[in-house]
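Working notes, structure below.
No lab work stands behind these numbers, since they all come straight from the coordinates. Please read all numbers here as calculations on a predicted model, not as lab measurements. Using ideal geometry, Cβ is built from the backbone for each residue, glycine included, and neighbour counts are taken over all protein chains shown.
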Amino acid sequence: MQEFKEEIIKALESLVQLGQEEIQQNLSIPPDAGLGDYAFPCFILSKKWKRPPQEISQYLAQEISKKGLGEWIKEVKSAGPYLNFYCNREKLTRETLKEIYEKGKDYGKVKEGGGENVVIDFSAPNIAKPFGIGHLRSTVIGNSLYRLYEALGYNCVGINHLGDWGTQFGKLISAYKRWGDEDSLKEDPIQYLYQLYVSFHQEASGDENLEEEGRHWFKRLEEGEEEAVELWHKFRELSLKEFRRIYRRLDIEFDEEQGESFYNQMLSSTLKRLEEEEIVRKSEGALIVDLEPYGLPPALLRKKDGATLYATRDLCAALYRYEKYKFQKLIYVVGAAQSLHFQQLFKILELMGLPWASRCVHVPFGLIKFKEGKMSTRMGNLIFLEDVIDKAVALARDIIEEKNPDLENKDEVAEMVGIGSVIFGDLSNDRVKDIDFDWDKVLDFSGETSPYIQYAHARICSILRKEGAQASREADLSLLEREEEQRLISLLARFSEHIKRAAETYKPSTLARYLLDLTSDFNYFYHRCPVLTAEEGLKEARLILIDGVRQVLVNGLYLLGIKAPSKM
Ligand code: ARG
């Protein structure tokens, strides 16, 4: 569709005296196919031209037709205030299916990023605490943005900014020294550490000394005392080992795993720089940045006891990342609860006169709520991501057992379907809204779910398998002229447009929506248009068409972080 669009822009450019960019932004997709493939709204010109939009659209239609239509524009028609462009469908069909076939898993990718760096800070669970469901959102949204920006031709750097520093580690060491034992720790590290942490808080409420002891241990840790550092190191490694197991199951990798502790070495020089630049000031012994002129509360960067904070480490991290990557964008995928923190952070970078401050973006998201009673929890009301994954996989396994008992690799498929349903259950929702997670809904094979999409994909694979090696790439594609077929072609041709939109708005949900539409349009086609039993010629053309659908489904699911089994 891009070439068609370019032709439209060229045709309009000289007539409407608008820049290419502006025309491009105003072109919209008409609500129904009868109105063409792109529409240009003429009312945006009526003020300047002092003429009603209907008249302008008629005039433009005439002028463009007079000059002669290009290779791609088949027809241009005025419809009220809109100017509608109709694409040469035969050419679109041929070129789209050819491109999908030639590019395969690269279909949909564009080169606009030019290899520039996009740094994505995502996942970032906290050491010694369970990988909770809250971090799931950051993990799956971040991973999808990573893949989307990569598809736009950027070089992505995924950073897991682990929560591995702070006063809580003093408390944890103190608790472990008092009550801990090595064997229980090794058995189920995160669970055990979390329990220690909880007991510490229970005990500390009646015991002043314990709080003091915790502070003391943190001080020893900060001073690099051997025993403290060793224990911290052990907790960190054991936690990471568990996190890595989850990442492996989710098929997620990071380029950097620098947690908060990594920035300790830069804290004092950064604070010194801020003092020299007179951005921080002392207030009752603490160091703060006054942000009142910008309508924000003051940012505390050093407490009066000398301890630095989450914000101080984030500031160092941003500076370090720019030094290292000279990024085009630095994206933080972190819950909406931290919006204020990022507003303050970005403001401080701006006050430091750093031109790249405006390239930092916070991508917030809402909470996930589980329908009550459906999820038993190991501890209090804390939901563990791994339990959610296990449950989804087990449910998927049951469904497969029921639907396709003869399937060979049931466990493997159940893993792909179960995990896919959890990821899609998250990504298909508008990012900023809270999610009501409903097991029956996310695994419904006919609902708006990933199994629904995966199932259509597997079905296409099965049709193609039946045809086997006989399938030929030689077919008269002009036979694909039915509405059911042309709807699919339009969607396939617009794949990269949807990738772009999802990346630019940081909303994988728009791509999820696209895949659901493609799947339902495929089902619509398949119910009305036989493939294997179609007459010779048409059959070959339809096989090529569904092979294109298959490829785009795989590529699209990949961008969401979901796998597509070829049988299910
Ligand atoms: N560990 C933090 C939390 O769980 C999230 C860190 C996000 N990244 C960052 N650079 N602040 O709340």
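The order of Ser46, Ser239, going from fewest to most other C-beta atoms within 10 Å of their C-beta, is Ser46, Ser239.
Listed from fewest to most Cβ neighbours within 10 Å, the set Ile562, Ile23 follows the order Ile23, Ile562.
Restrict the search to the stretch 306-363; then list the trypsin sites (Lys or Arg not before Pro) that DSSP places in a loop and that have at most 13 other Cβ atoms within 10 Å of their Cβ.
Those satisfying the criteria are Lys326.
Gain in length, Arg501 to Lys111, computed as 0.36 nm per residue apart minus the alpha-carbon separation, to one decimal in nm? Present the calculation step by step, with values, prior to reporting the outcome.
Values: separation 390, 0.36 × 390 = 140.40 nm, distance 1.48 nm.
Taking 0.36 nm per residue and subtracting the Cα distance, the gain is 138.9 nm.
For the stretch 506-523, 3J(HN,Hα) computed residue by residue from phi via the Karplus equation (6.51, -1.76, 1.60; θ = phi - 60°) reads 6, 10, x, 4, 5, 6, 4, 4, 4, 5, 5, 5, 4, 5, 6, 5, 5, 4 Hz, glycine and proline entered as x. For the chain, the Cα-based Rg and Dmax, in that order, read 28.2, 89 Å. Scalar couplings 3J(HN,Hα) for the stretch 78-91, obtained by applying the Karplus form with A = 6.51, B = -1.76, C = 1.60 to θ = phi - 60°, are 8, 9, x, x, 9, 10, 9, 10, 10, 7, 5, 5, 4, 5 Hz; x denotes Gly and Pro.
Annotation: lysines with alpha-carbon distance below 26 angstrom to Lys441 (same-chain offsets under eight excluded): Lys369, Lys371, Lys374, Lys391, Lys403, Lys410, Lys433, Lys507, Lys563, Lys567. If R0 equals 56 Å, the separation of the Cβ atoms of Asp438 and Ala307 corresponds to a calculated FRET efficiency of about 0.85.
Centroid-to-centroid, using Cα positions, the stretch 232-268 and the stretch 1-47 are 48 Å apart.
Measure out, as a whole number of angstrom, how far apart the alpha-carbon centroids of the stretch 520-548 and the stretch 449-507 sit. Taking the Cα centre of each part, the stretch 520-548 and the stretch 449-507 sit 11 Å apart. Under 11 Å from a label point set 7 Å out along the Cα-to-Cβ vector of Ser358, no amide N atom of the stretch 499-516 is found. Simple spin-label estimate for Leu296 and Glu402 gives 5.1 nm between the two label positions (7 Å along the Cα-to-Cβ direction from each Cα). Separation of the alpha carbons by more than 23 angstrom is noted, of Lys111/Lys326; Lys304/Lys324; Lys219/Lys303; Lys326/Lys347; Lys109/Lys347; Lys129/Lys326, for Lys304/Lys324; Lys109/Lys347; Lys129/Lys326.
Pop a pseudo-label 7 angstrom from the Cα along the beta-carbon direction at both Glu230 and Glu21 and give the gap in nm to one decimal. In this crude label model, Glu230 to Glu21 measures out at 6.0 nm.
Taking 7 Å steps out from each Cα toward its Cβ at Asp32 and Lys272 produces label points 7.1 nm apart.
Ranked highest first by the average count of other Cβ atoms within 10 Å around their residues, in what order do 545-556, 1-12, 489-500, 94-105 fall?
On the way: 545-556: 22.8, 1-12: 18.4, 489-500: 20.8, 94-105: 15.8.
Sorting 545-556, 1-12, 489-500, 94-105 by mean packing, highest first, produces 545-556, 489-500, 1-12, 94-105.
Convex hull volume per residue, computed on the Cα atoms of the stretch 16-164, equals 188 Å³. Fewest-first ordering of His201, His527 by other beta carbons within 10 Å of each residue's beta carbon gives His527, His201.
Find how many whole Å separate the alpha carbon centroid of the stretch 281-297 from the alpha carbon centroid of the stretch 120-146. Using only Cα atoms, the two centres lie 30 Å from each other.
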